[in-house]
Amino acid sequence: MTAFDSVLFQNSYRQLGEQFSSEQAPTPVSAPELIRFNDALAEQLNLPVDVQSSPDLLQVLAGNRVPDNISPIATVYAAHQFGGWNPQLGDGRAILLGEVVGKNNKRYDIQLKGAGQTPYSRMGDGRSALGPVLREYILCEAMAALNIPTTRALAAVSTGDQVARETMLPGAIFTRVAQSHIRIGTFQFFSARNDLASVKALADYVIDRHYKDAVETLQTSSDIDPYTALLTCVLKAQAQLIAKWMSVGFIHGVMNTDNMLVCGETVDYGPCAFMDQYDPNKVFSSIDQQGRYAYARQPDIGGWNVSWLAQALLPLMDDVKEQALDKAQQALGQYTDTFDKHYHGLMAEKLGFAKPSSEVNALSVGLLDLMAEQNSDYTLTFRALTDSLAPEDETNTLGEVYQLSNAFQPWLKKWQALLAQENRDASIAYALMARTNPAYIPRNHWVEAAIQQATQHQNFSVFHQLVDVLAKPFEYLSLIHI
Ligand code: AMP
Ligand code: MG
């Protein structure tokens, strides 16, 4: 018996119908060892937290044992990848153990990533290397601490097996938690096959699981059908999510439609990164030769992605094609406004203002231009601005670590003048800025150092230190060199 045996695992997605998934048990590994377990998240999910005293639980997280209360599956989807259509994808290396209901009464998927081949593995081995597992753990937990909707890390386990990439690398399994793993590409898979009954079943399921209240409210307030309401909910969630990414300088890197969850959480921490120096054209992914997913293109790509969800939902919106198109276009028209509203709101807060205005927006554009010209660090510039309003006795500051260059002086004067004009008390502006401008982000050189120490020297101390520091990103600790 493991502590997981007594957990009530549900499988509502599996029950949706056999066209949505395939039964698939994980493939055992040789010598699993626990790297890290997220006790705080486990507690929120009503899962047993005492993993250290439950060695059998490690066997479940490694895919070596499937308790009787778990019916694992791999799910099917399709996608536009880098703009090109791929009609058949699916969980090629991820296995959904089931769903649990958390303390907040929401349902969460528990998925093992890197747990072996599935019917959707194509030529892949179904495995994950240790480096990407640590990377995903660090990045997604950092995002959660920055209050950005994201899939979460429940555990990372090393397998004791090697995986063949360009070289042989140590293998690992990541236990991922999401409000669901349903993607825009999941809708596309059935839509492309003209399987309208499955699109409808999926849409009804998503409404019930994620947007029940919001859809009902929209239906009454705007007199629209449930599927146009669903589209509206998803596009708003995407617009808000991408506004948050932009506000912290996050570049997702692979915004294919299979990597966009309809629940609005960030997923797929493959080629993503936080930018250091501000550069709107920044691209990190080496496979993104055209810069399709560059920082500044993310809002537009998000709109393009949700238009594919609209395409899939069209036949459900109205029997008359023109009417359906009309409804979809009206809904899609809200995407840019929603993005702008949230983005400007977040940028205003980062500058200490309660709400955006044309003056505040102009100020933030001016700052970004200046940062681009000066090659300034995005995160530290905002943090230095924050510090400039800190009370004398405040110790949570960067101090000598980072200071704005003289080139910022004219802009600083305008900013201070606008704060004064809007009667923003410095202590109120400071408090707002100190909780919206992080001191720590998962910088690439740290993430790389953590991975290198772990893969080359079996030393996980940098990884653990990084995860711990990034859990409190707004507190400057002077522990880690920025
Ligand atoms: P990703 O780039 O992680 O979004 O993966 C794109 C697709 O390739 C998804 O359908 C994955 O399940 C699949 N995939 C990625 N890596 C592997 C692997 N090592 N084995 C099997 N399938 C994989
Ligand atoms: Mg993916």
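The values are calculated or read from the model by the stated rules, or taken from the named source; none is laboratory data. Everything quoted here is computed from the prediction, not taken from an experiment. We place every Cβ from the backbone using ideal geometry, glycine too, and count neighbours over all the protein chains shown.
What to note about this one:
- For segment 141-168, filtering for residues that are without any contact (Cβ under 8 Å) to a residue 60 or more places away in the chain and either touching a helix residue (DSSP H, G or I) at 6+ places or on another chain (Cβ under 7 Å) or not basic (Lys, Arg) (or both) leaves 7.
- Taking segment 244-257 as the range and being within 10 Å of ligand 2 (Cβ to nearest atom) and either surrounded by fewer than 23 Cβ atoms within 10 Å (Cβ to Cβ) or without any contact (Cβ under 8 Å) to a residue 60 or more places away in the chain (or both) as the test, only Val254 passes.
Table: residues versus (1) more than 16 Å from ligand 2 (Cβ to nearest atom); (2) modelled with pLDDT of 95 or more; (3) touching a helix residue (DSSP H, G or I) at 6+ places or on another chain (Cβ under 9 Å).
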site	(1), (2), (3)
Ala74	no, yes, no
Gln81	no, yes, yes
Gly102	yes, yes, yes
Leu139	no, yes, yes
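- Unique match (being in the same structural domain as Ala243 (by TED's automatic domain parsing) and over 23 Å from Ala243 (Cβ atoms)) among Gln456, Gln452, Gln409: Gln409
- Qualifying residue in segment 426-439 (condition: at pLDDT below 95 and in contact with a helix residue (DSSP H, G or I) (Cβ under 9 Å, 6 or more places away or on another chain)): yes
- Checked against the criterion of being among the β-branched types (Val, Ile, Thr) and within 20 Å of Cys140 (Cβ to Cβ), segment 53-72 has no qualifying residue.
- Residues satisfying the stated conditions in segment 444-456, i.e. surrounded by fewer than 20 Cβ atoms within 10 Å (Cβ to Cβ) and under 19 Å from Tyr378 (Cα atoms): Asn444, His445
- Which listed residue is surrounded by fewer than 18 Cβ atoms within 10 Å (Cβ to Cβ) and either assigned by TED's automatic domain parsing to the domain that holds Gly90 or closer than 30 Å to Ala454 by Cβ (or both), from Arg183, Arg165: Arg165
- Within segment 317-337, being more than 9 Å from Thr228 (Cβ to Cβ), surrounded by fewer than 20 Cβ atoms within 10 Å (Cβ to Cβ) and in contact with a Lys or Arg (Cβ under 9 Å, 6 or more places away or on another chain) holds for one residue alone: Gln334.
- Options Ala229, Ala237: the member that is under 23 Å from Gly333 (Cα atoms) and either in the same structural domain as Gly92 (by TED's automatic domain parsing) or over 15 Å from the mean Cα position of the chain (by Cα) (or both): Ala229
- Flag: Cys263 matches the condition of being in a loop (DSSP other than H, G, I, E, B), assigned by TED's automatic domain parsing to the domain that holds Tyr378 and away from ligand 1 (no atom under 16 Å from the Cβ).
- The residues listed here are Arg122, Arg36; of these, the one that is under 23 Å from Thr186 (Cβ atoms) and of a type in the set (D, E, K, R) is Arg122.
- Once segment 413-427 is narrowed to residues that are exposed (fewer than 14 other Cβ atoms within 10 Å of the Cβ) and aliphatic (A, V, I, L, M), the residue that is nearest to Met371 (Cα to Cα) is Ala417.
- Filtered residue count, segment 288-335, keeping only those that are among the basic types (Lys, Arg) and assigned to a loop (DSSP other than H, G, I, E, B): 1
- Consider segment 229-260 and keep the residues that are within 16 Å of ligand 1 (Cβ to nearest atom) and not in a helix (DSSP H, G or I). The one that is nearest to Tyr211 (Cα to Cα) is Met260.
- Odd one out for Pro280, checked against (1) free of Cβ contacts under 8 Å to residues at least 40 places away in the same chain; (2) of a type outside the set (Asp, Glu); (3) away from ligand 2 (no atom under 16 Å from the Cβ); (4) outside any helix (DSSP H, G or I): (1)
- Taking each residue of segment 303-328 that is of a type outside the set (Lys, Arg) and looking for partners that are not in a helix (DSSP H, G or I) with beta-carbon atoms closer than 7 Å, six or more apart or interchain, yields Asn305/Met255; Asn305/Met260; Trp308/His80; Met317/Asp225; Ala324/Asp318.
- The selection criterion, being more than 16 Å from ligand 2 (Cβ to nearest atom), in contact with a strand residue (DSSP E or B) (Cβ under 6 Å, 6 or more places away or on another chain) and closer than 23 Å to Val365 by Cβ, holds for Tyr295.
- Check on Tyr269, within 16 Å of ligand 2 (Cβ to nearest atom), among the hydroxyl-bearing types (Ser, Thr, Tyr), in contact with a helix residue (DSSP H, G or I) (Cβ under 9 Å, 6 or more places away or on another chain) and at pLDDT 95 or above: yes
- Condition check for Ser198: farther than 21 Å from Gln323 by Cα and not in a helix (DSSP H, G or I): no
- Number of residues in segment 104-125 that are more than 14 Å from ligand 2 (Cβ to nearest atom) and small (Gly, Ala, Ser) equals 2.
- No other residue among Phe460, Phe408 is surrounded by 15 or more Cβ atoms within 10 Å (Cβ to Cβ), at pLDDT 95 or above and more than 23 Å from Asp276 (Cα to Cα) apart from Phe460.
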